[in-house]
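Colleague: Take this structure, written in structure tokens, and hold onto it; I'll ask about it next.
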Amino acid sequence: MERYDVVVVGAGNGGLVAGTAIAQAGFKTLILEKHNLPGGCSTSFVRGRFEFEPSLHELCDSSDNEGDMGMQSIFDRLGVKVPMLHEKNLLRAIVKGEGGYDVRLRAGYDEFLDSMEEAVPGCRESVKKYLDLMVLLNEAQDYMNNGVPNPATLMGKYGDFVRAASHSNDEIMAGFGIPEKAKNIIDTYWGYLGVPCDDLNALHYLSMIEAYIKKRPAMPYNRSHELALALVKAFQSYGGEIRYNSEVTEFLYNSAGAVIGVKAGGKEILARKVVSNIIPNNVFNMSDETKIPKSAVKLANARKLGLSFITAYLGLDASAQELGIEDYSVFICNSPDTRKQYEDRLNFGMYVVNCLNIALPGASEEGTSMLFFTLPMMPEDFPADLKAEDYKKYKNDYVRRYIEDYEKTLGINISDHIEEIAIATPVTFARYLSTPAGNIYAYSNGGWDNVVLRTVFDNIDKKIPNLSFCGGHGIRGDGFSSAYTTGAMTGEKVIAELRREM
Ligand SMILES: Cc1cc2nc3c(=O)[nH]c(=O)nc-3n(C[C@H](O)[C@H](O)[C@H](O)COP(=O)(O)OP(=O)(O)OC[C@H]3O[C@@H](n4cnc5c(N)ncnc54)[C@H](O)[C@@H]3O)c2cc1C
């Protein structure tokens, strides 16, 4: 029977980083991936003469402070080099109707504050105070990530963190006296975390937008698949083995309830430690239920699944300039209020359209351009009774409405220029990523299940001996950088356990 020090299940962002760190430390490591290629969300696909980015709008936190858990420093430690492009603008937010606005926000600390002041005169000081809160929150977060936090130290040294950590983003902004319109503009990115800002943890939201603002939105030059391929190359250079077309179908346990390996392709593979890049719900469904602690099952059942999307990828036979497209990222909303945007999510509440050619002019052939429509949808919104024969019509009609709305809002014509179009729905994501109900943000970050409490209760995951988790379902929530961070943290934890047990 085959034996490894570590088997990693899934070659998504989290699994690739964890596997590479563990292989780099000299342990015999195997990554099992159900697809014929690595990356999970971090991938690309080709239609005609276009190579589309299926997921990444922009990476936040390409921080490179030595030793931290930001993406660049993780990649540096792993010896992974991928040149990154940094966008100079954050987004254009268009809110239609009463109280509407059309605002462009620039990246960079001063540039952001200047663009906020231009949009809402007099808001600069209050917005600055809100942003600067992140300096303290970063210190507290580093402290929380370095072992079990001491409540007395937390209350004494990081009292403001403790106070802020239990509040929603909107509560904290109100506390700083940020004017309503400025608050609404700052809230625009809520869709990247999938929870309206009256319920979204302030620390979580602030850490995301602070990274976008200060470090600027980042992306690789050759679609996110470039990131996955670079990680695989590093993993293999450290002696790691990766197997594709290898779906794990069972997690194996000993009589004491410790994980001892997995089954893939009908074969048992033993390991001292197993790292799961796949969501706990799926792991539990592939396990002998008597081996799963009740608390872990209860937690998985209590959690709400996060956002999914309908996405549309358009290859156009004209350049962005010819079509009159000016921005990389446009958020189009029918109300300034994120709660209303969320509630109206099936009816133009909020959607995002990206044109990669604006950020990266050579992204497709000269005289062409690409658009990426991201239309939020909760997993339960997808019609459960939709018949297979009606699926195509449903998704085509759904996307057509949004293309028309985009054309009307921006006063441009793209319908006559569509050379290629591909549409993904929660069904696509369920099949491709194997996530429950095709959700892509794993567990919702709303209410009690926020980044702070996840950190505090992280030991629930550890209750199954020899099994660790990493990825978008982890303590940091969804996103490329969160998946890399939890991959790196899990890698370190597993290496320490293996060394202790030698
Ligand atoms: C449309 C879309 C837009 C997004 N936009 C952004 C964005 O702009 N910025 C951002 O930061 N994040 C974005 N995200 C989120 C981000 O892509 C994810 O949160 C992150 O990549 C998840 O990484 P992960 O490590 O959890 O792995 P995943 O990408 O979920 O990969 C898991 C891997 O496990 C494999 N697998 C599953 N089951 C098995 C099994 N039984 N056996 C073996 N292998 C298995 C899968 O094939 C997959 O390769 C977006 C995602 C989507 C889909």
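Values in this text are rule-based calculations from the coordinates and carry no lab data. Bear in mind that the values here come from a model prediction, so they are computed numbers and not experimental data.
Colleague: Are any of the pairs Lys294/Lys493; Lys34/Lys291; Lys340/Lys463 more than 32 Å apart by Cα-Cα distance, and if so, which?
Modeller: Lys340/Lys463
Colleague: For region 1-52, what does the alpha-carbon gyration tensor say about shape, rounded, prolate or oblate, given a ≥ b ≥ c as the root eigenvalues, a/c under 1.5 as rounded, and a/b over b/c as prolate?
Modeller: prolate
Colleague: Another question about this same structure. Please give the Cα centre distance for region 412-455 versus region 225-247, rounded to the nearest Å.
Modeller: Their Cα centres are 24 Å away from one another.
Colleague: Relative contact order (percent) for region 107-212, with alpha-carbon contacts under 8 angstrom and 6 or more residues of separation?
Modeller: 33
Colleague: Working out 0.36 nm times the residue gap between Lys387 and Asp114, then minus their Cα-Cα distance, what length gain in nm do you get to one decimal?
Modeller: 93.2 nm
Colleague: Taking each full run of DSSP H in the chain as one helix, which ones are at least 15 Å long along their axis (Cα atoms) and have mean Kyte-Doolittle hydropathy of at least 0.5?
Modeller: Helices passing the filter in the chain: 13-24, 225-237.
Colleague: P(r) tail for region 141-194, what percent of Cα pairs lie past 13 Å?
Modeller: 68
Colleague: In sequence order, what are the phi-derived ³J(HN,Hα) couplings for region 92-98 according to the Karplus relation 6.51 cos²θ - 1.76 cosθ + 1.60 with θ = phi - 60°, rounded to whole Hz, with x for glycine and proline?
Modeller: 10, 10, 10, 10, 8, x, 4
Colleague: Tell me, what is the percent relative contact order of the chain, built from C-alpha pairs under 8 Å that lie six or more residues apart?
Modeller: Answer for the chain is 24 percent.
Colleague: OK, next. Which far-off residues, 5 or more places away or on another chain, put their amide H under 5 Å from the one on Ile310, with H placed in the peptide plane?
Modeller: Leu375, Met377
Colleague: To continue, here is another question. Quick one: P(r) of region 107-212 from all Cα-Cα pairs, 5 Å bins, percents rounded to integers, in order of increasing distance.
Modeller: It works out to 2, 12, 23, 23, 19, 11, 6, 3, 1, in whole percents.
Colleague: What are the residues whose amide H is under 5 Å from the amide H of Ile421, where those residues sit 5 or more places off or on another chain and H is modelled from the backbone?
Modeller: Distant-sequence amide H within range of Ile421: Gly315.
Colleague: Using the Kirkwood radius over C-alpha pairs as Rh, can you work out the diffusion coefficient of the chain via Stokes-Einstein at 25 °C, viscosity 0.890 mPa s, in µm² per second?
Modeller: Answer from the Stokes-Einstein relation: 105 µm²/s.
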